[in-house]
Structure formats: C-alpha cells, structure tokens
Amino acid sequence: MSDPQNSAPSPAGAIGPNTGDPAERGFRRLAPHLGFLAALLLLAFNMRGSIVVMGPLAERVGIDLQLSGVQLGLLTTIPVLCFGVLSIFAPRLGQRFGLEATLVAMLALVALGQGLRASGQYGIMVVGTIILGAAIAVMNVLTPSLVRRSFPTRVAMVTALYTFVMSCGASIAAFSAVPIRNSMEGDWRYALGLWAVVAVFGFLCWLPMLRYHHHAQGAASRISLWRNREAWWLSLFFGCQSMMFYTGVAWVAKIFLDSGMSESEAATLLTIFNIFGIPAAFLAPLIYSAIPNKKLAMTVLHIPLFIGIPGFVFATTDLPYLWAVCLGLGQGSMISIALTLVGMRGADPQTSAKLSGMCQSLGYLLAATGPVLFGALHDMLQSWHIPLLILFVVVAVQFVAGLRAGSQDKITG
C-alpha cells in the first residue's frame, strides 16, 4: 500500500466513484483542480498587496499621525522581520491543522490585521501590522507545499501563475494607493481598508476548499533539514535573491538620484525595475522546466543580471533604462525560481513545507540586513562605489548557490 503522505495530496482524491456520463466524470475530476487553482491565485493576490500598499502612503501617514522616522519605519519593516522570524514555525501549523484550514485562518488574520492598520491609531496599527506580517509569513511558507501537493506534475507552471498574480497584487496596491486616498479627500485609511475587504473576499472563496481538508499522515521525519547540505544551498540562494530585491527597492532610485538624475527619472527607473519583474516571474519557471540541463537553465536566467549589474555599477547613467530592465528581469526571475525549487525539490508536500520554512526564515533575515548594510556603508564612505561592488559578490554567491540548488535530486527531511 502506498504511503498516504505521498499518494493522497490531490484534491481530486476527494471525488467519488466513477459513475454517470464520461463528460460529467471528467468535469468532476477537473473542477476541484480549477477550484484549488482559483483559490491559490486569490491567496497569492493577498500575499503582497496588503504590505506594499503602505509604502506610497507612508509619508502622509507620518505627517497625519506625527510619527518619527523610526515609528513610521516599523510599519514597513515589521512584515519582513515576521517573515524571517516566524517562517520556521509555519510548517508545524500546516502539519497540525492541515493546509486548507491553516490558510483559511491566515486569510482571516490578514483581513483582521489590515483592518486594524486602517484604524488610524498608531498603536493599533502596529498590532495590526504584526498580525498581518505573521499571517503572510505562514502563507509564504505553506503555498509551495500546497502547490507540491495539489499539482505535483505542474509545479513550475502553477508557481509561475501564483508568482505572477502575487506580483500583480503588489503592483496594483502600489499604483492605486494614492489615487484611492485622493478620491477620499486625502483619507489614507480607505486605501488600507480596501485590502482588508480583498482579504475577506479571499477568505470567503477559500471556505469551500475546507471540504478537501486533511491532516498529513505518516510518521514524522526524524531527520532535520538543518543538517542537509542541499537545503542550505537552496536557503543561501533564496537569501541572496531576497537581499538583492529588498536592497534594490530601497536604494536603486537613490543611487540614480545621486548620479545626477532628476527625481522623476529616478522614480521612472524604479518603476521599470519593478514592472519588468512581473513577466520575468511568470516566464522563468517555464524556461527553467523546459531546459533539461538545470545548470544551463540557471545560467540562462542569470544573463540579465550578468549584464545589468556591471552596467549599473560602472556605467550608471550611460544606459540606465537598460540596466533597470535587466535588473528587473533578473530579480523577477530569481524569486519565482526560488519558490519553484522549494516546491520541486521536496520529496513530499511536508518536506516542501519544512524546506520552505527554512529557506524563507534564513532568506528574509538575510534580506533584512541588505538595505541597512548598504545604507550604512554609503553613510560611512559617502560613496556608492563599495556598496555597489558588493552586488558583484552577492550575485556571484547567488549564482553558485543556484547551480548547487538546482539539482533534480529530491530533498528528504
């Protein structure tokens, strides 16, 4: 008899006997998959928008509430810290309560946290931000496990779709926040509250998925991934790409500004950096899965970074739009490849969840140091030259880790 831990992952397993018309039986087999896919995409849409929406509103929030820089910074940095600190505990929740029940509960907490952030009272906003960050940390970790379990033969495709939707949610949040605030006579609480409504909608749509609820079965693994060399390579890869992204978001515009560009042009270049990451996030897993030689596939996907990093460092203002496009393509590719590898390399859904927790915990803790480290070096040296040279080191380590992490052998733990 096969192990239920590995053989009962698909929601299609909940379908009854093969009776009736063949077309009806086919639809009944397909419907749960479509339902899970739609629910997964709604989940992804909520995984970044609620966080990103604060960024464009931060200055007005700080003025209206008379906040210091540290107080305002907490509202944007707490979620990333939650990702790093709490991700390691998320697999236990999925193991204890099941993926469906845990994710439904996390969507409810996202709605609660975002609703508290829309209160306009700073202390309550901090509490809401902690709840929001903790819930999304769990969602980040368990989503690759859900993909691995429900779509075991389509991990790359489904990861591409949910990463694309996650990026779209972040972009929509960033671009709509100020117009919504302005349409409400400058009241930014409506822009925050809208994402609480989005989370409630996702929660309601996920409730039917509870019919497929199950607990992981089988004996618990006694082998820790922390002793697995391959898990460490994958964690290092995840950490490097996260560090590059958050450092880029924090400092790319500033670096262009300090090179003599106008504020509007620097903002445009940052927008290009973010926008070109969206199609890259969708296409990268498909390219990676289509190339049999995974070392070659990893090399191909690093080409934009191999072009963009030297150009950005040594010829910042010569072809800035090309560098922004290359950096966006490269970074967008890396996050989706990291999530794809987490889903593909786990020997089973439970291992994928533990692997996801380890990678994201270490990765986001490393990512949180990037903006601070680069900013501190710039302040100390009064130059971007040395901090930018560190990008070479980061991308080199990322590339080596990616080559090692891209093995097709399954990780057990």
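When you check Gly186 against the structure, is it over 30 Å from Trp226 (Cβ atoms), surrounded by fewer than 24 Cβ atoms within 10 Å (Cβ to Cβ) and modelled with pLDDT under 90, yes or no? Spell out how you get there, then give the answer.
Details: over 30 Å from Trp226 (Cβ atoms): yes; surrounded by fewer than 24 Cβ atoms within 10 Å (Cβ to Cβ): yes; modelled with pLDDT under 90: yes.
Yes, satisfied.
Return the only residue of Thr153, Thr76 being of a type in the set (S, T, N, Q) and either at pLDDT 95 or above or within 19 Å of the chain's Cα centre (by Cα) (or both).
Numbers: Thr153 fails: either at pLDDT 95 or above or within 19 Å of the chain's Cα centre (by Cα) (or both).
Selected residue: Thr76, the only one of Thr153, Thr76 that is of a type in the set (S, T, N, Q) and either at pLDDT 95 or above or within 19 Å of the chain's Cα centre (by Cα) (or both).
Kindly evaluate Met380 against the criterion of being among the aliphatic types (A, V, I, L, M), in a helix (DSSP H, G or I), out of contact with any Phe, Trp or Tyr (no Cβ under 8 Å at 6 or more places or on another chain) and free of Cβ contacts under 8 Å to residues at least 40 places away in the same chain. If you could, list the steps in order and put the result at the bottom.
Details: among the aliphatic types (A, V, I, L, M): yes; in a helix (DSSP H, G or I): yes; out of contact with any Phe, Trp or Tyr (no Cβ under 8 Å at 6 or more places or on another chain): yes; free of Cβ contacts under 8 Å to residues at least 40 places away in the same chain: yes.
Judged against the criteria, Met380 is a match.
Pairs only if they're at least six apart or on different chains, beta carbon under 7 angstrom, first in segment 307-318 and over 9 Å from Leu388 (Cα atoms), second surrounded by fewer than 18 Cβ atoms within 10 Å (Cβ to Cβ); list them, first residue then second.
Hits for this filter: Gly311/Leu319; Gly311/Leu322; Thr316/Ser259; Thr317/Ser259; Thr317/Gly260.
Would you check which residues across segment 94-118 are among the hydrophobic types (A, V, I, L, M, F, W, C), part of a helix (DSSP H, G or I) and either more than 20 Å from Arg149 (Cβ to Cβ) or at pLDDT 90 or above (or both) and list them? Spell out how you get there, then give the answer.
First, the residues of segment 94-118 that are among the hydrophobic types (A, V, I, L, M, F, W, C): 97, 99, 101, 103-112, 116, 118.
Applying the additional criterion that residues be part of a helix (DSSP H, G or I) yields 97, 99, 101, 103-112, 116.
Once the filter is applied, which keeps residues that are among the hydrophobic types (A, V, I, L, M, F, W, C), part of a helix (DSSP H, G or I) and either more than 20 Å from Arg149 (Cβ to Cβ) or at pLDDT 90 or above (or both), segment 94-118 yields Ala101, Leu103, Val104, Ala105, Met106, Leu107, Ala108, Leu109, Val110, Ala111, Leu112, Leu116.
This table checks each residue for (1) surrounded by 16 or more Cβ atoms within 10 Å (Cβ to Cβ); (2) under 14 Å from Val126 (Cβ atoms); (3) touching an Asp or Glu at 6+ places or on another chain (Cβ under 6 Å).
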{"site": "Ile63", "(1), (2), (3)": "no, no, no"}
{"site": "Ser68", "(1), (2), (3)": "no, yes, no"}
{"site": "Gly73", "(1), (2), (3)": "no, yes, no"}
{"site": "Thr77", "(1), (2), (3)": "yes, yes, no"}
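Please state which one of Leu283, Leu305 is at pLDDT 90 or above and more than 19 Å from Arg154 (Cα to Cα).
Residue meeting the stated conditions: Leu305.
The values are calculated or read from the model by the stated rules, or taken from the named source; none is laboratory data. Just so it is clear, the model here is predicted, and its values are computed rather than measured. Glycine gets a Cβ as well: all are built from the backbone with ideal geometry, and neighbour counts include every protein chain shown.
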